[in-house]
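Worksheet: one structure, shown below.
Read-outs: derived from the displayed coordinates by stated rules, not from any lab. Quick caveat, the model's predicted, so the values are computed rather than measured. Please note: Cβ atoms are built from the backbone with ideal geometry, for glycine as well, and neighbour counts cover all protein chains shown.
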Amino acid sequence: MITEEKRRVLDHFADGRRHYKLMNFEEALASFERALEVDPSDGPARVYAERCRHYIENPPPEEWDGVFVMQTK
């Protein structure tokens, strides 16, 4: 059974992914940060929040396919 807390994290994460795919990185970041407010240890939300910060500073090309390419190890 999923707890109410986990359901809220999943809802915020899903909203963030929707914005992320549409390249609305600031809105996506806000959703991932809301997920992290509920559960600071949520790894996927942390990773996507970091990627959003990267793309806000370094926007991908318009034909971006949603794949994050690491530039460093």
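The chymotrypsin sites (Phe, Trp or Tyr not before Pro) of the chain that meet both conditions, a loop assignment by DSSP and at most 13 other Cβ atoms within 10 Å of the site Cβ, are 64. What is the helix-to-structure angle for 43-57, meaning the angle in degrees between its Cα long axis and the longest Cα principal axis of the chain, kept from 0 to 90 and rounded to the nearest 10? So the inclination is approximately 30 degrees. Between 0 and 90 degrees, the angle of helix 25-38 with respect to the longest Cα principal axis of the chain falls at about 30 degrees.
Built from the Cα atoms of the chain, the convex hull projects on average onto 5.3 nm², one quarter of its surface area.
In the chain, the longest principal axis of the Cα atoms and the axis of helix 4-21 are about 20 degrees apart.
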